[in-house]
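Enquirer: I'd like to ask you about the structure that follows.
The values are calculated or read from the model by the stated rules, or taken from the named source; none is laboratory data. Bear in mind that the values here come from a model prediction, so they are computed numbers and not experimental data. All Cβ positions, even for glycine, are placed from backbone atoms using ideal geometry, and neighbour counts span all protein chains on display. We work out accessible area using only protein heavy atoms, side chains counted, and drop any ligands, DNA or RNA first. Shrake-Rupley method; radii C 1.70, N 1.55, O 1.52, S 1.80 Å.
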Amino acid sequence: MPDVRLVNVTKRYGKIVAVDGVNLHIYDKEYFSLLGPSGCGKTTLLRLVAGLVQPDEGEIYIGDMLVNDVPPEDRDIGFVFQTFALFPHMNAWDNVVYGPRVKGFNMKKAETIGHEVLEMVKLHERLDAYPNELSGGMMQRIAVARALAAGAKLLLLDEPLGQLDAKVRNEIRYEIRRMTKDLELTAVHVTHDQAEAMAISDRIAVIKKGRILQIGTPTELYMTPKNIFVAHFIGESNFLEGYISSLNRKGAVIELRGEVKVQAEAPKKPEKGERVVLAIRPEAFVIEKGIKKKENSILGTIERTTFEGTNIRYKVRLENQDLIVVVKPSLVEEWLSVGENVTVSFSSGKTRAFTYPAEGLRKELTVE
Ligand SMILES: Nc1ncnc2c1ncn2[C@@H]1O[C@H](COP(=O)(O)OP(=O)(O)OP(=O)(O)O)[C@@H](O)[C@H]1O
Ligand SMILES: [Mg+2]
């Protein structure tokens, strides 16, 4: 059964450490995403699993087999590339049955598989079309169909939806997930799009500079990010700087800039006087007109409003001069206008506190 295990895997290109001591266990039949900014090593990780590049250190297992010395064609994997890698001189049908044919399946079996997967990707009526006669979305579905038809139980997808427009991307990502689940495949999906990873994955590994920062379900990563980068990269966060002024049963009292004190969660191993960063999601704030006296409230003024359809987004300048983003559902909440004085508040349970990063907050948040 194709679970995938990487043990202390490192891959260097000259001085660049593309993959840096990665330990990872992708379970059998899991839909797993490798998520991170451009250049963080996602493609290299996938190519290591595929056998297209060799690790400098570490072991890679597919199922119970150590595959370090096994060539790609013997690893029994399907691969979907970012760019539409169909054979241009073959029509959709020939592209799809290419795998079963070269594997030497008899023609009848190859055709049965081909029909099944084309049915799955809903392109049965386009069997005769050549790649240049298909839209990007169709070509990518054919590419997925081709990978599925080859019959491998492990499917590797490198930004398979990268070149498609947003609407098509949304539809196809659910189709791909459904097909892998129907066929009981293990899928490893590379993307730099956090919304995509959140929508389709059973679990996600967030990667920065060749290292895994956190592995978790979409909910775990969103609700309990383990560090500032993950809180920033998954969804959106406001980061408020401050010091721990005291510790208590509920966590910590944190003094923000301008002597604003709030009750929040405590960071790991908290110390009084410690410099911290408080992460709060834009939707975690309550925002009200005027001056309201309540726990964990800060006064501010609306500096900008943006209507986004589903949501309305406010930039709020707080009384301590910090600038925050507050997002509210546009059909539910009363809209506020620029210049309006407001009170923003939040519950301590909806905060995450982190030790101030050694290299500064800005450096920690940069994605490149
Ligand atoms: N064949 C190669 N030769 C030299 N350096 C390479 C090679 N392949 C990748 N790298 C370097 O390794 C690092 C990781 O590259 P990789 O392609 O894995 O990133 P990525 O996360 O897939 O990025 P993107 O989202 O842009 O596709 C980068 O610094 C890249 O320049
Ligand atoms: Mg890549």
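Enquirer: Taking only the range 99-126 into account, find how many residues are surrounded by fewer than 16 Cβ atoms within 10 Å (Cβ to Cβ) and of a type in the set (A, V, I, L, M, F, W, C).
Expert: 2
Enquirer: Which members of the range 135-166 meet the condition of being surrounded by fewer than 23 Cβ atoms within 10 Å (Cβ to Cβ) and not aliphatic (A, V, I, L, M)?
Expert: Passing the criteria: SER135, GLY136, GLY137, GLY151, LYS153, ASP158, GLU159, GLY162, GLN163, ASP165.
Enquirer: Here is a further query. Could you run through the range 1-25 and say how many residues are among the hydrophobic types (A, V, I, L, M, F, W, C) and outside any strand (DSSP E or B)?
Expert: Within the range 1-25, the first condition is being among the hydrophobic types (A, V, I, L, M, F, W, C), and the residues that meet it are 1, 4, 6-7, 9, 16-19, 22, 24.
The next check asks that each one be outside any strand (DSSP E or B); those that pass are 1.
Going through the range 1-25 one residue at a time, the tally reaches 1.
Enquirer: In the range 1-19, how many are without any contact (Cβ under 8 Å) to a residue 40 or more places away in the chain and away from ligand 1 (no atom under 15 Å from the Cβ)?
Expert: Residues in the range 1-19 being without any contact (Cβ under 8 Å) to a residue 40 or more places away in the chain and away from ligand 1 (no atom under 15 Å from the Cβ): 0 in total.
Enquirer: While we're looking at this one, here's another question. Restricting attention to the range 83-98, report how many residues are more than 16 Å from ligand 2 (Cβ to nearest atom), assigned to a loop (DSSP other than H, G, I, E, B) and open to solvent by less than 80 Å² (accessible area, probe 1.4 Å).
Expert: Summing the residues that are more than 16 Å from ligand 2 (Cβ to nearest atom), assigned to a loop (DSSP other than H, G, I, E, B) and open to solvent by less than 80 Å² (accessible area, probe 1.4 Å) in the range 83-98 gives 4.
Enquirer: Pick out the one residue from SER345, SER337 that is over 25 Å from the mean Cα position of the chain (by Cα) and open to solvent by less than 10 Å² (accessible area, probe 1.4 Å).
Expert: Details: SER337 fails: open to solvent by less than 10 Å² (accessible area, probe 1.4 Å).
Testing whether each residue is over 25 Å from the mean Cα position of the chain (by Cα) and open to solvent by less than 10 Å² (accessible area, probe 1.4 Å) leaves just SER345.
Enquirer: Another question, then. Starting from the range 179-197, take each residue that is within 11 Å of GLY78 (Cβ to Cβ) and more than 14 Å from ligand 2 (Cβ to nearest atom) and list its partners that are of a type in the set (Lys, Arg) and at pLDDT below 95, counting only C-beta distances under 7 angstrom and pairs at least six apart or across chains.
Expert: Short answer, once both residue conditions are applied: LEU185/LYS153; THR186/LYS153.
Enquirer: Here's a follow-up. From the residues in the range 155-206 that are part of a loop (DSSP other than H, G, I, E, B) and under 20 Å from HIS232 (Cβ atoms), which one is modelled with the highest pLDDT? Steps first, answer last, please.
Expert: First pass over the range 155-206, keeping only residues part of a loop (DSSP other than H, G, I, E, B): 159-165, 183-185, 192-193, 201-202.
From what's left, under 20 Å from HIS232 (Cβ atoms): 192-193, 201.
Values: HIS192: 91, ASP193: 92, SER201: 97.
Ranking the candidates gives SER201 first.
Enquirer: Taking the condition in the same structural domain as SER38 (by TED's automatic domain parsing), surrounded by 17 or more Cβ atoms within 10 Å (Cβ to Cβ) and out of contact with any Lys or Arg (no Cβ under 9 Å at 6 or more places or on another chain), does ILE212 pass?
Expert: Numbers: in the same structural domain as SER38 (by TED's automatic domain parsing): yes; surrounded by 17 or more Cβ atoms within 10 Å (Cβ to Cβ): yes; out of contact with any Lys or Arg (no Cβ under 9 Å at 6 or more places or on another chain): yes.
Taking the combined requirement at face value, the residue satisfies it.
Enquirer: Between residues in the range 101-122 that are within 18 Å of MET90 (Cα to Cα) and residues that are of a type in the set (A, V, I, L, M, F, W, C) and assigned to a loop (DSSP other than H, G, I, E, B), which pairs lie under 8 Å by C-beta distance while being six or more apart or on different chains?
Expert: LYS103/ALA150; ILE113/PHE105; LEU118/LEU127
Enquirer: Follow-up. Out of the residues in the range 310-326 meeting the condition of being assigned to a strand (DSSP E or B) and open to solvent by 20 Å² or more (accessible area, probe 1.4 Å), tell me which one is nearest to GLY290 (Cα to Cα).
Expert: Our first condition is that a residue be assigned to a strand (DSSP E or B); within the range 310-326, this holds for 311-318, 323-326.
Then drop every residue that is not open to solvent by 20 Å² or more (accessible area, probe 1.4 Å), which leaves 311, 313, 315, 317, 323, 325.
Working: ASN311: 22, ARG313: 18, LYS315: 16, ARG317: 14, LEU323: 18, VAL325: 18 Å.
Going through the qualifying residues, I end up with ARG317.
Enquirer: Also: Looking at ALA279, ALA266, which is the one that is outside any strand (DSSP E or B) and surrounded by 18 or more Cβ atoms within 10 Å (Cβ to Cβ)? It would help to see each step written out before you state the result.
Expert: Working: ALA279 fails: outside any strand (DSSP E or B).
One residue alone meets the criteria, ALA266.
Enquirer: Quick one: in the range 20-52, of everything that is polar (S, T, N, Q) and either open to solvent by 40 Å² or more (accessible area, probe 1.4 Å) or more than 12 Å from ligand 1 (Cβ to nearest atom) (or both), which residue is farthest from the chain's Cα centre (by Cα)? Even if it seems obvious, please write down each step before you answer.
Expert: In the first step, residues of the range 20-52 are kept if they are polar (S, T, N, Q); the result is 23, 33, 38, 43-44.
Filter again for either open to solvent by 40 Å² or more (accessible area, probe 1.4 Å) or more than 12 Å from ligand 1 (Cβ to nearest atom) (or both), leaving 23, 33, 38, 43.
On the way: ASN23: 18, SER33: 7, SER38: 12, THR43: 14 Å.
Restricting to residues being polar (S, T, N, Q) and either open to solvent by 40 Å² or more (accessible area, probe 1.4 Å) or more than 12 Å from ligand 1 (Cβ to nearest atom) (or both), the top hit is ASN23.
Enquirer: Taking only the range 31-82 into account, find how many residues are within 12 Å of ligand 2 (Cβ to nearest atom) and either part of a helix (DSSP H, G or I) or out of contact with any strand residue (DSSP E or B) (no Cβ under 9 Å at 6 or more places or on another chain) (or both).
Expert: Looking only at the range 31-82, we keep the residues that are within 12 Å of ligand 2 (Cβ to nearest atom), and these are 34-47, 81-82.
Remaining after also requiring either part of a helix (DSSP H, G or I) or out of contact with any strand residue (DSSP E or B) (no Cβ under 9 Å at 6 or more places or on another chain) (or both): 38, 42-47.
Total satisfying the criteria: 7.
Enquirer: Could you list all residues from the range 136-154 that are among the basic types (Lys, Arg), assigned to a helix (DSSP H, G or I) and out of contact with any Phe, Trp or Tyr (no Cβ under 8 Å at 6 or more places or on another chain)? So that I can check it myself, show each step before the final result.
Expert: Applying the first criterion (among the basic types (Lys, Arg)) to the range 136-154 yields 141, 146, 153.
In the following step, the residues that additionally are assigned to a helix (DSSP H, G or I) were identified as 141, 146.
Matches in the range 136-154: ARG141 only.
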